[in-house]
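Engineer: Structure provided below as structure tokens; questions to follow.
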């Protein structure tokens, strides 16, 4: 037992001189006393964290009073005093002169309106399907162990936008493919020739990028474009058979519009932002000039002026007769705005990359785009993921500004419903805003948590 | 392989400059690409301009800046300079711009104080303080500013009592759904003298500060700058104020049956906008402050303690100067964000630049291009001036490295 406790010390000191082994000599260290009761357990934690000094104690008391002042009021309003059921305003009116808490009955009654806006009730399954497809796409992209994340990428960035467009509007998303077909048939001889040149150029560029012989590539490129055109024509023929009725974007509304706009912004702003960031760091003066001009201009003005511009000036800039959907105008505004901010985030990532990486890539004989695609961007984007997600959070919050230019987004649905006379009660407005805050918070905090987790994961890789 | 050799003369050897097809020469390709880009952008701009002129002519909308001197014909509630319904659009522009600047300055002032307090609280070792600050930041940062503004305006300020049931506040002020009314200070004859003494005190304070700094650098002796400053800026003017027989009277608001006369009115729109902007921006400033303080390595604090500095001077002389270098750039961008976000005033009807000019004036004149261009130019100028100042500050404060 003794030897087990402190073998080194006992053996080293006592073995050579057995004479020291008297009864009163302490051969082994005393076991440490337990820490004082005031330093362990709950008391100790309280002492250390809340009452370590006079100043700290005062701070604790102030903070506690503050919390006592705010938090019970919140709980009472949101939960205990809240009205959960009811058909109209009578449920949420003051009783005996006492105001009730949150009127959740109102939210329950109008939840369909909040989510779908004026989307036809019998077609709402399409929106539900959009939510499911979107959730699948997001999970596929974000879940690191998901199978075939490369297919997930294609699904999220290419297939999903087309499917969602078809699903929500009921229009053929590939209608644009028939455009060249119609041109060849009609009087557009010049345009037809232009298209032939375009076919040629495509094949030529493909050949160059792949370092293959030009001839077959031109044929292959032209053939694939032709095939696409005919395929588009075929799809356009089949399309009416699918039987999705057309729903005008003016009828879209609520959370669905917020998610569509945020989704489009998210999908569009990253590639645009990357291009702008590369342009800003380019050695070509004209490219650099235009990139800097665009980025600094957009970042220097408020989003609301960009939206006003998209709303009032864009129609002026287009030739007469070209109609631009209101939602599309707002999308263009928000997408361009977000891409300018994204460009700066990506640029920071590009700058953080050691110059040796660029030089190494060039020494390997890679061209500009190969270097960017294979060496620079994968590393630069990896370190910027948290900042990219932060930009996305800003974008998601900014979608609420659409209500100012008359788009029926989630916040607008809340604003419309809360002044409805059927639910005119004193606590309806705070309830509506509380509900909106919870929904927005849920999405933004989710994204922020993802960004933090990514940051931790990436910094773990750098730790040695 | 052989075809590749034929096509690529760079490997053919020999001293003569290799002949490369122009599309394989990065330099020439660069020129070509730039020319194409330039032509493309130029074409787009030209087409946009052409279409705009065409469309404007067809819609019979005037162009040019002639509208600037036309009569506006609408009223603006809150104004810092005189403005009548008969004033010009140009005058309305200045009223809006001044309102924007007012809300920006007031907002920046309070957001800085609140943001620094919360940023420090987030680093506090006190569990309760720390958690409260974290909840604040996470709650505010993750909900849209517009939602918060609408909440403050529609749910909080609109719920205040009517004029008839105004809340009487101490000091003769009233609070009701039309805003906050408080006594208007009316300076007397000799009040100007007090202001001059205050100005002199400020000059004296700066002079003393410079002298004290030089003295410390030369002799190591510190001077009581804070107390001398307080005496010069607060004490001296107060003394003069009382000595001159308090030359200041108040015009108290008078509560009538339907209206309040006299006094100074702070509009609820202004309160809601300022409150929303301050609370929102403070959360971001707090994060910048936290990051800045955390960026100062712990060794700095330890070294300072090892040199015998107490916690107060350590914070003031070692940590804060280094943290500020990290904090200032994001802080400036938050100030800019606050200024730009003040344009959300349009949602709650505060007459700022966007609401007055890009809203009402645009709707009345229909001259979208000119109005939006002027509005954007104003914000761009503010951004540009701020970033110039920022660069100047960075250059001054940058670490001088070898």
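Engineer: Residue A:407: under 23 Å from the mean Cα position of the chain (by Cα), in the same structural domain as residue A:444 (by TED's automatic domain parsing) and outside any helix (DSSP H, G or I), yes or no?
Structural biologist: It is true that residue A:407 is under 23 Å from the mean Cα position of the chain (by Cα), in the same structural domain as residue A:444 (by TED's automatic domain parsing) and outside any helix (DSSP H, G or I).
Engineer: Failed condition for residue A:243, given (1) touching a helix residue (DSSP H, G or I) at 6+ places or on another chain (Cβ under 8 Å); (2) away from chain B (no Cβ under 12 Å); (3) surrounded by fewer than 21 Cβ atoms within 10 Å (Cβ to Cβ), with all others met?
Structural biologist: (1)
Engineer: Counting only residues that are facing chain B (nearest Cβ under 9 Å) and buried (at least 18 other Cβ atoms within 10 Å of the Cβ), how many does segment A:283-297 have?
Structural biologist: Residues that pass the stated criteria total 3.
Engineer: Among the residues of segment A:95-131, how many are assigned to a helix (DSSP H, G or I), farther than 23 Å from residue A:250 by Cα and free of Cβ contacts under 8 Å to residues at least 40 places away in the same chain?
Structural biologist: Total satisfying the criteria: 2.
Engineer: Please state which one of B:146, B:139 is assigned by TED's automatic domain parsing to the domain that holds residue B:276, buried (at least 16 other Cβ atoms within 10 Å of the Cβ) and under 30 Å from residue A:411 (Cα atoms).
Structural biologist: B:146
Engineer: Also, I was wondering about something else. Confirm whether residue A:298 is in a helix (DSSP H, G or I) and without any contact (Cβ under 8 Å) to a residue 40 or more places away in the chain.
Structural biologist: Here the answer is no, as residue A:298 does not meet what is asked.
Engineer: Name every residue in segment B:47-88 that is within 14 Å of another protein chain (Cβ to nearest Cβ) and not in a loop (DSSP other than H, G, I, E, B), in order of residue number.
Structural biologist: Once the filter is applied, which keeps residues that are within 14 Å of another protein chain (Cβ to nearest Cβ) and not in a loop (DSSP other than H, G, I, E, B), segment B:47-88 yields B:47, B:48, B:49, B:50, B:51, B:52, B:53, B:54, B:55, B:56, B:57, B:58.
Engineer: Determine which member of the set B:111, B:133, B:159 is out of contact with any helix residue (DSSP H, G or I) (no Cβ under 6 Å at 6 or more places or on another chain) and either crowded, with 20+ Cβ neighbours inside 10 Å or without any contact (Cβ under 8 Å) to a residue 60 or more places away in the chain (or both).
Structural biologist: B:159
Engineer: Further, regarding this structure: Condition (residue is surrounded by 18 or more Cβ atoms within 10 Å (Cβ to Cβ), more than 9 Å from every other protein chain (Cβ to nearest Cβ) and either in contact with a strand residue (DSSP E or B) (Cβ under 7 Å, 6 or more places away or on another chain) or outside any helix (DSSP H, G or I) (or both)) applied to segment A:359-368: is it met by at least one residue?
Structural biologist: No, segment A:359-368 has no match at all.
Engineer: Out of all the residues in segment A:403-428, which are within 19 Å of residue A:87 (Cβ to Cβ) and either within 10 Å of chain B (Cβ to nearest Cβ) or in contact with a strand residue (DSSP E or B) (Cβ under 8 Å, 6 or more places away or on another chain) (or both)?
Structural biologist: A:418, A:419, A:423, A:425, A:426, A:427, A:428
Engineer: Return the residues of segment B:366-398 that are part of a helix (DSSP H, G or I), touching a helix residue (DSSP H, G or I) at 6+ places or on another chain (Cβ under 7 Å), within 21 Å of residue B:58 (Cβ to Cβ) and touching a residue at least 40 places away in the same chain (Cβ under 8 Å); say none if nothing qualifies.
Structural biologist: B:369
Engineer: So, one more: If you take the residues of segment A:43-70 that are at the interface with another protein chain (Cβ under 7 Å from one of its Cβ atoms), in a helix (DSSP H, G or I) and under 39 Å from the mean Cα position of the chain (by Cα), which of them is surrounded by the most Cβ atoms within 10 Å (Cβ to Cβ)?
Structural biologist: A:63
Engineer: Still on this model: Would you mention how many residues in segment A:298-329 are more than 7 Å from chain B (Cβ to nearest Cβ) and modelled with pLDDT of 90 or more?
Structural biologist: The total comes to 5.
Engineer: Is it true that residue B:363 is part of a helix (DSSP H, G or I) and crowded, with 21+ Cβ neighbours inside 10 Å?
Structural biologist: no
Engineer: Also, quick follow-up: State yes or no: is residue A:279 surrounded by 22 or more Cβ atoms within 10 Å (Cβ to Cβ), touching a helix residue (DSSP H, G or I) at 6+ places or on another chain (Cβ under 9 Å) and in a helix (DSSP H, G or I)?
Structural biologist: Answer is no for this residue.
Engineer: Residues to consider are A:319, A:378; find the one that is out of contact with any strand residue (DSSP E or B) (no Cβ under 6 Å at 6 or more places or on another chain), outside any helix (DSSP H, G or I) and either outside the structural domain of residue A:266 (by TED's automatic domain parsing) or surrounded by fewer than 18 Cβ atoms within 10 Å (Cβ to Cβ) (or both).
Structural biologist: A:319
Engineer: What residue, of A:73, A:86, is modelled with pLDDT of 85 or more, away from chain B (no Cβ under 11 Å) and either closer than 30 Å to residue A:105 by Cα or surrounded by 13 or more Cβ atoms within 10 Å (Cβ to Cβ) (or both)?
Structural biologist: Matching residue, one of A:73, A:86: A:73.
Engineer: Sort out which residues of segment B:27-43 are loosely packed, with under 13 Cβ neighbours inside 10 Å and either modelled with pLDDT under 85 or facing chain A (nearest Cβ under 9 Å) (or both), and write them in order of number.
Structural biologist: Residues satisfying the conditions are B:27, B:35.
Engineer: Identify, from the list B:190, B:164, B:213, the residue that is touching a strand residue (DSSP E or B) at 6+ places or on another chain (Cβ under 9 Å) and more than 9 Å from chain A (Cβ to nearest Cβ).
Structural biologist: B:164
Engineer: Still on this structure, please answer the following. Does residue B:288 count as in a helix (DSSP H, G or I) and surrounded by 17 or more Cβ atoms within 10 Å (Cβ to Cβ)?
Structural biologist: Criteria met by residue B:288.
Engineer: Among B:350, B:335, B:280, B:305, which is in the same structural domain as residue B:96 (by TED's automatic domain parsing) and not in a helix (DSSP H, G or I)?
Structural biologist: Being in the same structural domain as residue B:96 (by TED's automatic domain parsing) and not in a helix (DSSP H, G or I) holds for just one of B:350, B:335, B:280, B:305, which is B:350.
Engineer: Are any residues in segment B:247-275 assigned to a loop (DSSP other than H, G, I, E, B) and over 15 Å from residue B:346 (Cα atoms), and if so, which ones?
Structural biologist: The answer is B:247, B:252, B:253, B:256, B:257, B:258, B:259, B:262, B:263.
Engineer: Still on this model: Do you know which residues across segment A:322-358 are over 22 Å from residue B:56 (Cα atoms), free of Cβ contacts under 8 Å to residues at least 24 places away in the same chain and part of a loop (DSSP other than H, G, I, E, B)?
Structural biologist: Residue satisfying the conditions is A:354 alone.
The values are calculated or read from the model by the stated rules, or taken from the named source; none is laboratory data. Here the structure is a predicted model, which means the values were calculated and not measured. Ideal geometry is used to build each Cβ from the backbone, glycine not excepted, and the neighbour counts take in all protein chains shown.
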